[in-house]
Each structure stands twice: as C-alpha cells, then as structure tokens.
Ligand code: NAX
C-alpha cells in the first residue's frame, strides 16, 4: 500500500537543510512505498534562497516527491505534518557565549511549539537547532500545554552517537556496524557523556575488546565532545552532511522497531529515570516500537559514569534556568 507523509523542515535554506532535503525527497528515509510532501520554513529574508532550493528539488525529478510548500509562516509550514524537523536557528556569532545563544534562539521555539500544536494533530518533532536540548524543552513546553504529548519531542543526539561509534570502530579495527549499544547521556554539548562502558563490539563489552581504559575514559570522550569544533576548525563551517545524515538516521530509527539487544540515543523528556530531573530533555539510551520510544531502564552506571552524567545534568539545569521566563 502506498502511504504518504508530510514533513516540515525549518531553516530549509541553510546548510543542513541543503543536505537533508534530497534524502527526504528521494525516499531514503520513509522508503520506496511512501510518497513525501515537504513543507519548508524560512525567515523572510531567506525566502529567495529557499526558492533556489525548491528549483533544485524540482530539478531532481524525485518520483516520490508530491508537493513542496515554501513559506515564512510557521502555521503554514506545520499544517498537517507527520514530522517536524526543527533545524532553523541563529548560528553562534563571534564572541557569543552559550547563554547568549540560548537567549537568542529560545523565542523561536516558543512560537514554533505553539504553532505546531495548532497546525498538526499527529506530529513527531526532532529539534536540531542549537542548543538543541533546551530549544526542544521550550517547544515541547508550549506544544504540550496545547495538548501535544511531550514524549513526541526529541533533541538530536544521533550525530554524537554516530561520531562515538565511528571512533570506537576505528580504535578496534572493525566496521561501524559491529558497534552497538552506544549511549550518549545528557546534553548535545561539550559536557555530553559518550558511554563506552556499556557499548558493545561484536556483542562483547567494548572495554574488553579495546581494553585501553585510559583512552576510553579520556581521549575517546574528548574527541566525541569536541568533534563539532574540530570540523569547524578544519572546514571553516559546522557539520552539515553528517548532521543531515544523523537526522535521517534518527527518523528511520523512530519509524522502526529497535532491536531488543540494541538501543539508540536521543534527547527525550526525562521521567526521572537514572535520577535525572523529570521534565528536562536529556539524552538517554532509548528504544522505539515504530511509533513511540521509551527510555531503556536498568543500564548499569559506574561511579565514573555517574560523575560524568552529573556534570552534563548540571549544565542542562543551568540552561533551563536561563530560559525560565520562556517556559
Ligand atoms: P545555517 O545557518 O546554514 O542555516 C540555518 C537556517 O535557519 C538559515 O537559513 C536561517 O535563515 C534559518 N532560520 C533562522 N531562524 C529561523 C526561524 N526562526 N525559522 C526558520 N528558519 C530560521 O545553519 P546549519 O548549519 O544548517 O545549522 C542549523 C542548526 O543546527 C544550528 O543551530 C546548528 O548549531 C545546529 N546543529 C545541530 C547539531 C546537532 O547534532 N543537534 C549538529 C549540527 C549543527 O551544528
């Protein structure tokens, strides 16, 4: 049976949008039996650039692509969508502190959360725009007040998961598919905790396979935490192809059932699991049943892991305090 999905992408004329849209339109995300419509949101000054992106999508002649809506109005962009990928946000400017960025971008997600609740009945939301967890918290708060369940809001941690898997695979000399159970805990920021202690390589504990405890507890964590900065340093621009790829991976994972012996990482609404303050958007290992996802319970955490998790939790609490008036 042919099904149809409608996907909203904000910041669609940006660099992640440019890498993401062809993947959505080609069928790479929802499969060869699903027709796709794209609702593209941009700020008014970026509409001419968005026109160019629409021309290019037309010129790809994707057989599964039904309709493209390009707009600067959130209500139009979110009308009847099944997924909303909230990518659009202001980039961090020179000399800007993290707190300034949070204050700059927070208001965008107040309006978008409200608009989502008004325009879409059955929507799942992935927030990519930084600071992703706190932006997600803001959008979720306003949408859930209008009746959209908070569990449908996710902050993207998949790029961090993919980066961590790639590092472990390279260190162990195996393909990335051999690495499973890669949990990223906490915030999509330099305090995140990529958890090698619970990762597995060819179903064996990663700590046994790699063995090099000091590397796993130091260099590995730092490489993953700083990978975004390393890409900016090398490329002069932030990660775009890998970020778009991670958004694709996230949606595919949420649309399918997670293997019983694996998990994926996503920033989701904390229910108090693992002692994380309920109500925060915190990255946990999660499993999806194709429609809903839930936090994996019972993952063992060492004292080292708990200390790292406390640090990233503290940062998320601080971010929440900075946007208290937006919640
Ligand atoms: P770009 O600056 O290339 O594109 C952002 C686009 O968003 C621009 O076209 C801008 O006009 C648009 N925009 C701004 N405010 C908007 C609004 N209110 N409504 C709709 N559109 C709006 O940035 P890009 O490289 O595409 O990155 C987008 C966001 O992703 C940034 O916040 C970036 O920090 C974040 N990232 C998040 C990652 C994650 O793993 N969660 C990784 C990659 C990336 O750094």
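Here is how the numbers come out for the structure above:
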quantity: Rounded tilt (10° steps) of 241-255 against the dominant C-alpha axis of the chain; calculated: 90
quantity: P(r) tail fraction, the range 158-322 - alpha-carbon pairs more than 27 Å apart, %; calculated: 21
quantity: Choice from 235, 227, 35 with maximal GNM fluctuation in the chain (Cα, 10 Å cutoff); calculated: 235
quantity: With Cα atoms, 0 to 90° folded angle of helix 158-172 axis to the chain main axis; calculated: 40
quantity: Ranked list, fewest to most other Cβ atoms within 10 Å of each Cβ, for 43, 68, 108; calculated: 43, 68, 108
quantity: Spherically averaged projected area of the range 153-228 from its Cα convex hull (nm²); calculated: 4.7
quantity: Of all DSSP beta bridges in the chain, antiparallel share, percent nearest 5; calculated: 45
quantity: Burial ordering of 200, 163, fewest other beta-carbon atoms within 10 Å first; calculated: 200, 163
quantity: Angle in degrees between helix 132-145 and the longest Cα principal axis of the chain, rounded to the nearest 10; calculated: 60
quantity: Spread of Cα-to-Cα distances over 10 Å intervals beginning at zero, given as percent, for the range 1-129; calculated: 13, 44, 32, 10, 1, 0
quantity: Förster-model FRET efficiency, 41 Å R0, residue 58 and residue 214, C-beta, rounded to 0.05; calculated: 0.15
quantity: Convex hull volume of the chain per residue (C-alpha atoms, cubic angstrom); calculated: 136
quantity: Residue 317/residue 2 FRET efficiency (R0 41 Å; Cβ-Cβ; nearest 0.05); calculated: 0.30
quantity: Over the chain, relative contact order from alpha-carbon pairs under 8 Å, at least 6 apart, %; calculated: 17
quantity: For 118, 152, 158, 3, order by how many other beta-carbon atoms lie within 10 Å, fewest first; calculated: 3, 118, 152, 158
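The numbers here are math on the coordinates, done by the rules we state, and not lab data. Source: prediction; values computed, not measured. FYI the Cβ positions are ideal-geometry reconstructions off the backbone, even for glycines, and counts take in every protein chain you see.
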